[in-house]
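**Student:** Quick one: the structure is below, questions incoming.
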Protein chains: 2
Amino acid sequence: MSTSTALLTDHYELTMVDAALSAGTADRDSVFELFARRLSGARRYGVVAGTGRLLDAVSRFRFADEELDWLRERGFLRAETLDWLADFRFRGDIWGYPEGEVFFPGSPLVTVESSFAEGVLLETVALSILNADSAVATAASRMSHAANGKPLAEMGSRRTGEYSAVAAARAAYIAGFSATSNLEAGRSWGIPTMGTAAHSFTLLHDSERDAFEAQVAALGPSTTLLVDTYDIEQGVRTAVEVAGRELGAVRIDSGDLPIVVAQVRRLLDDLGATSTKITVTNDLDEYTVAALAAAPVDSFGVGTSVVVGSGTPTMGMVYKLVARTDDAGNWVSVAKKSADKVSVGGRKSVRRLYDRRGVATAEAIFLGDGPGGAPEGEELGASARDVLVPLVRAGEVQPGHTGSEGIAAARERHRLRVAELPHVAMSLTRGDPAIPTEYR
Amino acid sequence: MSTSTALLTDHYELTMVDAALSAGTADRDSVFELFARRLSGARRYGVVAGTGRLLDAVSRFRFADEELDWLRERGFLRAETLDWLADFRFRGDIWGYPEGEVFFPGSPLVTVESSFAEGVLLETVALSILNADSAVATAASRMSHAANGKPLAEMGSRRTGEYSAVAAARAAYIAGFSATSNLEAGRSWGIPTMGTAAHSFTLLHDSERDAFEAQVAALGPSTTLLVDTYDIEQGVRTAVEVAGRELGAVRIDSGDLPIVVAQVRRLLDDLGATSTKITVTNDLDEYTVAALAAAPVDSFGVGTSVVVGSGTPTMGMVYKLVARTDDAGNWVSVAKKSADKVSVGGRKSVRRLYDRRGVATAEAIFLGDGPGGAPEGEELGASARDVLVPLVRAGEVQPGHTGSEGIAAARERHRLRVAELPHVAMSLTRGDPAIPTEYR
């Protein structure tokens, strides 16, 4: 697989560059905005994820010989355009919501300021990454809250594309999960990985006892034994017999969990395995996790539902031209006018407003001067925080947003920002955004 | 990004290998089966996709120094296990449903025959690829039928992870789509790519007329002009004035499509642009495509809904050990016994049964002898076709399943196999599978 991200792009981005170069409009200064018109799934808030990955993708967005040869062969671009692409690297500015931040309808999550041609090229890959990663993070954030402080592991690699799985592990970790089953996420991003054995391991052996003995011999008594291949009660008894009272945990992957978990806890305690933990992994989502709040579960493994965004596999974000210069160099706000997809033109800045107790009250979006141009809190008569940060300046990715460092910062930021939201944000029911978006 | 696929794997696959090597059970001959317990979304049939990609992934499933160094550093595997991984390449057999084939609950889509350790290692990546790609292909197949022969283009790259987008383009093409917007899918797989311009291109220019003139100058009058940035009627008039009656097509991306499309068709005809086609792209899915059956639409562009599987972003397939040998080398059928996730143990072969008119009547799954072991049609009293084919033999990928050749064969196979299904298969309502799965 090529390390270039330049062809992870829609065909029409290149034909637009081609036509704009031909018309002499490709160099017009432009502002593109990436935002969601609404919160998919009637979520109360969204969680930004993928920003660090996007910045990596922008750095690798180069047309090398491999890409150019294929494009030349395809024959849909003029020679002048191919030359332009050969020289291309993004030299503009990108402002945005830092990763882990929460967002609302209209929040300008990524603002690209560059020539039209430079900005339009980034559209597809920016949307691919932010739409997918934010959908996972938004679902994961709800699950983190539902788990009420108990650890959650992301185990859904098998239920999404093999590279999306790596990104999903990263997004879930930012939104509060503690670990992942995905090894590549461990290698690429330093996320803790975990797992012990599947039912196949038990079935491989001549008896459940043989399987447990094999596992404990290799992984030690602190391992997690999967006890529901045959009969759960017998499985728990055998597990404690084999591993002793120091058995780390038992995993339950089937059955009516609130009842089964309570029975297993009682049995473990009766057997003296009072410090042995219980982890559950049976098609969980934020609702079933919440339903286990009162059960003696110690940790959760969540698979399918987190990697597919728990009913909302994509956030429906769009990437729109909101302002550009004319031939005289003056800025013109632009927006599509047709029927059902109205956008708000113009460069924007954002302040999140807070009440005196520090609870967020509104997402205030200021039209006009662009990032950094909004009034300060005192002028607004409220406590206010500037949300947008510079991510790229003159083509240079700003420090702190990529790699493991960016992930750690994003995870902490997510924790802080969610804690500032009003209580209604934690509702798992469909409804209005937790705070209103106000255009000023 | 590494070209190895070995870490696109769950942590527990490696701890199982570790424990089984330690216990002396890693080399037991084993049969793993990949199948769906039910058809997600109550679809009437599933479409197998991803098989060619899986075979590529198996070929690249190698632990090189880069992977081994990271695993060694993580410290959760014994030195003996790391040595075993260093030597690993898959040397077993894989049988399966060829790509593009239709499937039903229980259909053994991939059957891996190898040592336990070899087979278990492939679990995660096999499921990631088949679950995601088949979800897209199954949705795309429904849309292809709903379009009733009119061309469909996949344009959803922005609404799924950037690499899943490439795989989705491939899966949709196999299931009957004609083209994709995704350039990497064009380069990697030879799928036709297409696209012309977005609203941003119109907004970049001082007027819609300027934008159309720029586009026609660069791309010629046979291009597709997007006419709904401001007022659709005026947009169509300007488009024909600029490009002439040879205008290739107009694209409509908003509004109440059946009404708007009819109005645009009348207007184009009135303007003499009788050969100008109409393409529509407004958040379509199989239902809205079907609702446009009587409208004068010439082609469809489908985005979000196809790449996220139209409500079913993953197929819920699982990968289970169904048989293994004991110490004496005898085969033992195995299956998890617990509460709600019963599997059918044993090696299997499959015949699809047909009535005298060539309409499929049942998916007959024979327990016992494994692939190739089922009775012939005459013994079954029905016309019957062997469904399983060898995909890998002694570690060697069999020809015809990978690359562009595999895709072309899969696309043709999909067309043939869907045509053999009873009419109820084409229902877009939720319901039972089009044919029953019978275990014999």
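**Student:** Can you find even one residue in segment A:94-115 that is farther than 30 Å from A:GLU438 by Cα and buried (at least 22 other Cβ atoms within 10 Å of the Cβ)?
**Tutor:** The answer is no; no qualifying residue exists.
**Student:** Moving to a separate point now. Given the structure, is B:ARG245 in contact with a Gly (Cβ under 7 Å, 6 or more places away or on another chain) and in the same structural domain as B:ALA290 (by TED's automatic domain parsing)?
**Tutor:** Yes: the conditions hold for B:ARG245.
**Student:** With the condition being within 13 Å of another protein chain (Cβ to nearest Cβ), I'd like the helices (runs of 4 or more DSSP H) fully within segment A:249-358 carrying at least 2 qualifying residues.
**Tutor:** By residue number, A:257-270, A:304-307.
**Student:** Please enumerate the residues belonging to segment B:172-197 that are at the interface with another protein chain (Cβ under 7 Å from one of its Cβ atoms), within 17 Å of B:PHE300 (Cβ to Cβ) and part of a loop (DSSP other than H, G, I, E, B).
**Tutor:** Answer for segment B:172-197, where residues must be at the interface with another protein chain (Cβ under 7 Å from one of its Cβ atoms), within 17 Å of B:PHE300 (Cβ to Cβ) and part of a loop (DSSP other than H, G, I, E, B): B:SER181, B:MET194, B:GLY195, B:THR196.
**Student:** Let me ask something else about it. Among (1) under 25 Å from the mean Cα position of the chain (by Cα); (2) at pLDDT 95 or above; (3) of a type outside the set (Gly, Ala, Ser); (4) under 29 Å from B:SER128 (Cα atoms), there is one condition A:ILE278 misses while meeting the rest; what is its number?
**Tutor:** (1)
**Student:** Being modelled with pLDDT of 95 or more and among the polar types (S, T, N, Q), is that true of even one residue in segment B:236-255?
**Tutor:** Yes, segment B:236-255 has at least one match.
**Student:** Continuing with this model, one more query. Can you name the residue in segment A:22-37 that is facing chain B (nearest Cβ under 8 Å) and within 28 Å of the chain's Cα centre (by Cα) and is also nearest to A:PHE116 (Cα to Cα) among such residues?
**Tutor:** We begin by selecting, within segment A:22-37, every residue facing chain B (nearest Cβ under 8 Å); these are A:22-23, A:25, A:28, A:30, A:32.
Remaining after also requiring within 28 Å of the chain's Cα centre (by Cα): A:30, A:32.
On the way: A:SER30: 5, A:PHE32: 9 Å.
Across segment A:22-37, the extreme among qualifying residues is A:SER30.
**Student:** Hey, B:GLU184 hits all of (1) without any contact (Cβ under 8 Å) to a residue 60 or more places away in the chain; (2) surrounded by fewer than 24 Cβ atoms within 10 Å (Cβ to Cβ); (3) out of contact with any strand residue (DSSP E or B) (no Cβ under 6 Å at 6 or more places or on another chain); (4) more than 23 Å from B:GLU286 (Cβ to Cβ) but one; which does it fall short on?
**Tutor:** Just one mismatch for B:GLU184, condition (2).
**Student:** Could you check, for segment B:204-216, whether at least one of its residues is under 28 Å from B:ALA172 (Cβ atoms) and out of contact with any helix residue (DSSP H, G or I) (no Cβ under 9 Å at 6 or more places or on another chain)?
**Tutor:** Taking every residue of segment B:204-216 in turn, none turns out to be under 28 Å from B:ALA172 (Cβ atoms) and out of contact with any helix residue (DSSP H, G or I) (no Cβ under 9 Å at 6 or more places or on another chain).
Every residue, every condition in (1) within 12 Å of chain B (Cβ to nearest Cβ); (2) surrounded by fewer than 22 Cβ atoms within 10 Å (Cβ to Cβ); (3) over 26 Å from A:SER333 (Cβ atoms), yes or no:
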position	(1), (2), (3)
A:LEU7	yes, no, yes
A:ALA20	yes, no, no
A:LEU39	no, no, no
A:ARG43	no, no, yes
A:GLY46	no, no, no
A:GLY50	yes, no, yes
A:ARG62	no, yes, yes
A:LEU68	yes, yes, yes
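**Student:** Looking at segment A:366-376, can you tell me whether even one residue there is modelled with pLDDT under 95 and in a strand (DSSP E or B)? Before the answer, list the steps.
**Tutor:** At the first step, the residues of segment A:366-376 found to be modelled with pLDDT under 95 are A:366-376.
Restricting the remaining residues to those that are in a strand (DSSP E or B) gives A:366-367.
Looking for residues that are modelled with pLDDT under 95 and in a strand (DSSP E or B), one finds at least one in segment A:366-376, hence yes.
**Student:** For A:PRO433, indicate whether it is buried (at least 17 other Cβ atoms within 10 Å of the Cβ) and not hydrophobic (A, V, I, L, M, F, W, C).
**Tutor:** So A:PRO433 passes the test.
**Student:** Restricting attention to segment B:73-88, does a residue exist that is among the basic types (Lys, Arg) and either closer than 25 Å to B:ALA425 by Cβ or away from chain A (no Cβ under 13 Å) (or both)? Spell out the reasoning first.
**Tutor:** Step one: of segment B:73-88, the residues among the basic types (Lys, Arg) are B:74, B:78.
Still in the list and also either closer than 25 Å to B:ALA425 by Cβ or away from chain A (no Cβ under 13 Å) (or both): none.
Scanning segment B:73-88 turns up no residue that is among the basic types (Lys, Arg) and either closer than 25 Å to B:ALA425 by Cβ or away from chain A (no Cβ under 13 Å) (or both).
Table: residues versus (1) more than 17 Å from B:THR281 (Cα to Cα); (2) within 10 Å of chain A (Cβ to nearest Cβ); (3) free of Cβ contacts under 8 Å to residues at least 24 places away in the same chain; (4) touching a Lys or Arg at 6+ places or on another chain (Cβ under 8 Å).
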{"position": "B:HIS205", "(1), (2), (3), (4)": "yes, yes, yes, no"}
{"position": "B:ALA218", "(1), (2), (3), (4)": "yes, yes, yes, yes"}
{"position": "B:LEU226", "(1), (2), (3), (4)": "no, yes, no, yes"}
{"position": "B:GLY235", "(1), (2), (3), (4)": "no, yes, no, no"}
{"position": "B:THR238", "(1), (2), (3), (4)": "yes, no, no, yes"}
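**Student:** Specify the residue that is nearest to the chain's Cα centre (by Cα); the eligible residues are those in segment B:177-212 that are within 30 Å of A:ASP326 (Cα to Cα) and of a type in the set (A, V, I, L, M).
**Tutor:** Per the criteria, the residue is B:MET194.
**Student:** Do we have B:VAL359 as among the β-branched types (Val, Ile, Thr), at pLDDT 95 or above and under 22 Å from the mean Cα position of the chain (by Cα) here? Even if it seems obvious, please write down each step before you answer.
**Tutor:** Values: among the β-branched types (Val, Ile, Thr): yes; at pLDDT 95 or above: yes; under 22 Å from the mean Cα position of the chain (by Cα): no.
Here the answer is no, as B:VAL359 does not meet what is asked.
**Student:** Yes or no: segment B:210-221 includes at least one residue that is within 16 Å of A:VAL17 (Cα to Cα), in the same structural domain as B:PHE300 (by TED's automatic domain parsing) and not in a helix (DSSP H, G or I).
**Tutor:** Yes.
**Student:** I need the full set of residues from segment B:134-168 which are over 30 Å from B:PRO296 (Cβ atoms) and facing chain A (nearest Cβ under 8 Å), in order please.
**Tutor:** B:THR160, B:GLY161, B:GLU162, B:TYR163, B:SER164, B:ALA165, B:VAL166, B:ALA167, listed by residue number.
The values are calculated or read from the model by the stated rules, or taken from the named source; none is laboratory data. Keep in mind it's a predicted model, so treat the numbers as computed, not measured. Note: ideal-geometry Cβ built from the backbone for every residue, glycine included; neighbour counts use all protein chains shown.
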